[in-house]
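Here is the structure we will look at, set down as structure tokens.
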């Protein structure tokens, strides 16, 4: 089964955050967690998307995240909201 191109794009952005060493480790871990959540096949898509949005929203409110990371997270959240 092929993945939705929009979802694939979101996964690429999550990978970008997870691999960015200028972003704190807990933010990178959160991006990895959100990606893992989105790839689970045993849950409905809307539940996976909502879980990922909640994780990303929590990360966006972290005071230690650099501005470029926060902007990227907001971008991911807005893209996730269109997947629903």
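If we sort 14-27, 37-50 on the protection proxy, mean other Cβ atoms within 10 Å, highest first, what's the order?
Top of the packing list down: 14-27, 37-50.
Can you tell me the orientation of helix 25-39 relative to the chain, as the angle in degrees between its alpha-carbon axis and the longest Cα principal axis, to the nearest 10?
10
Report, in deg cm²/dmol and to the nearest 500, the calculated mean residue ellipticity at 222 nm for the chain, where each DSSP H run with n ≥ 4 adds -39500 (n - 2.57) and the sum is divided by the residue count.
-24500 deg cm²/dmol
With label points built 7 Å along Cα→Cβ from the Cα atoms of residue 15 and residue 64, find their separation and express it in nm.
Each label point is offset 7 Å from its Cα along the Cβ direction, giving 2.6 nm.
Using C-alpha positions alone, give me the convex hull volume of the chain per residue in cubic angstrom.
Convex hull volume per residue, Cα atoms: 77 Å³.
How long is the gain from residue 47 to residue 81 if the chain were fully straight, where each residue apart is worth 0.36 nm and the alpha carbon distance is subtracted?
Here the segment from residue 47 to residue 81 would lengthen by 11.1 nm.
Find how many whole Å separate the alpha carbon centroid of segment 11-32 from the alpha carbon centroid of segment 46-84.
Each part's Cα centre sits 11 Å from the other's.
FYI, it's all coordinate maths here, none of it is from the lab. Please read all numbers here as calculations on a predicted model, not as lab measurements. Note that each Cβ is placed from the backbone with ideal geometry, even for glycine, and that neighbours are counted across all protein chains shown.
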